[in-house]
Amino acid sequence: MILHNVGHVLGKRSIDMAQMQDKVAIVTGGGSGMGRATSVLFANEGAAVVVADIDDAGGGQTVAMVEQAGGRATFVHTDTADEEQIITLVKTAASTYGRVDAMVTAAGISYANFVEKDEATDPFRHPQAGFILNKPTARWQKVLDVNLTGVMICARESARQMIAEGHGGTIVNFASIAAYGPAPTIADYCVSKAGVVMLTKCLAAELGGLGIRVNAVAPGPIDTGMTQSLLESGRLQKQAAALPLGRVAQPEEVANVVLFLSSEKSSYITGKTIGVDGGTYTV
């Protein structure tokens, strides 16, 4: 009888069970992939979501998906390599929904010209273009500007807003398994993600006393737009096949962990980077 009652309760969705009810979350990179999956999941869990992306069409599609499911979302065009655009993003979130409770920094690029889809400089299609001996400093810097400095500014500005509002909050950054293992042709990406892991620890140490928890996820082989060239070549499937779980993951599987780290279910966790990676480096 007890087990029957538990199953009955779990089978009924209620507002009280929503993990982000009445929260306001900003998700950078929300126009596609893991950022989109996180935006939709947060909205399903009761949050108002501010979708930030440099891709206007993708961001608009995410907002439409949220609204079609009965959720609340707003799109703000944001280049996370631009400090002023990030400042505007946070201010817009606060003015639109009255507060900011969560920041998710999912925006990132695998190489400098990723947004432009410049195949000639795609290191996965043309490894020579990614070798450090052939890489112009400007391309290196662009990856760090988006993947590391942009993450710092997003975290800083959202934390400032949370503190000004007089409450705590959560920040979840996107690192990568590339933070832990060197990969030829994408040194800039690896370095930027290793920086995110340390940045997450530093921010957690600084902001914990102010009621703000800071954690990160480190995705492994995930089926997203960023990994399409690897999927097309079969390299990502081969990489995943060698893992304990033996498969490529879907963006929603990462979003589930982001939700956990953004909710009260992880209330005593900060400064941690959780691998969502199928067991990478386990064997």
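Working only within region 32-51, note down all residues that are farther than 19 Å from V151 by Cβ and aliphatic (A, V, I, L, M). Don't jump to the end; show me each part of the working.
Taking region 32-51 as the starting set, the residues that turn out to be farther than 19 Å from V151 by Cβ are 40-41, 43-48.
Listed by number, the residues that qualify are V40, L41, A43, A47, A48.
Could you check region 66-104 and list, in sequence order, the residues that are outside any helix (DSSP H, G or I), under 21 Å from S158 (Cα atoms) and aliphatic (A, V, I, L, M)?
Selection gives A73, V76, A81, V100, A102, M103, V104.
Rundown of residues vs (1) open to solvent by 40 Å² or more (accessible area, probe 1.4 Å); (2) in contact (Cβ under 8 Å) with a residue 60 or more places away in the chain; (3) assigned to a loop (DSSP other than H, G, I, E, B), yes/no style:
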{"site": "D22", "(1), (2), (3)": "yes, no, yes"}
{"site": "I26", "(1), (2), (3)": "no, yes, no"}
{"site": "G31", "(1), (2), (3)": "no, no, yes"}
{"site": "A37", "(1), (2), (3)": "no, yes, no"}
{"site": "A43", "(1), (2), (3)": "no, no, no"}
{"site": "Q61", "(1), (2), (3)": "yes, no, no"}
{"site": "A64", "(1), (2), (3)": "no, no, no"}
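Are any of the residues in region 189-208 over 23 Å from Y281 (Cβ atoms), open to solvent by less than 10 Å² (accessible area, probe 1.4 Å) and not aliphatic (A, V, I, L, M)?
no
So which residues in region 132-176 are assigned to a loop (DSSP other than H, G, I, E, B) and buried (at least 17 other Cβ atoms within 10 Å of the Cβ)?
K135, A175, S176
If a residue has to be at negative phi, open to solvent by 10 Å² or more (accessible area, probe 1.4 Å) and in contact (Cβ under 8 Å) with a residue 24 or more places away in the chain to count, how many in region 177-188 make the cut?
7
Being open to solvent by 90 Å² or more (accessible area, probe 1.4 Å) and touching a residue at least 12 places away in the same chain (Cβ under 8 Å) is the filter; apply it to region 257-283 and report the residue that is nearest to the chain's Cα centre (by Cα). Let's see the steps before the verdict.
Kept after step one, since they are open to solvent by 90 Å² or more (accessible area, probe 1.4 Å), are these residues of region 257-283: 264-265, 268, 272, 281-283.
Pick out the ones that are also touching a residue at least 12 places away in the same chain (Cβ under 8 Å) and you get 264-265, 272, 281-283.
Working: E264: 18, K265: 19, K272: 14, Y281: 21, T282: 23, V283: 26 Å.
Per the criteria, the residue is K272.
Return a yes/no flag: does region 209-223 have any residue that is under 30 Å from N44 (Cβ atoms), at pLDDT 95 or above, among the basic types (K, R) and part of a helix (DSSP H, G or I).
no
Identify all residues within region 141-164 that are more than 17 Å from G35 (Cα to Cα) and in contact with a Lys or Arg (Cβ under 9 Å, 6 or more places away or on another chain); write none if there are none.
Correct list: E157, Q161, M162.
The values are calculated or read from the model by the stated rules, or taken from the named source; none is laboratory data. Everything quoted here is computed from the prediction, not taken from an experiment. As a convention, Cβ positions derive from the backbone with ideal geometry for all residues, glycine included, and neighbour counts pool all protein chains shown. Protein only, heavy atoms only, side chains kept; ligands, DNA and RNA dropped before computing areas. Shrake-Rupley method; radii C 1.70, N 1.55, O 1.52, S 1.80 Å.
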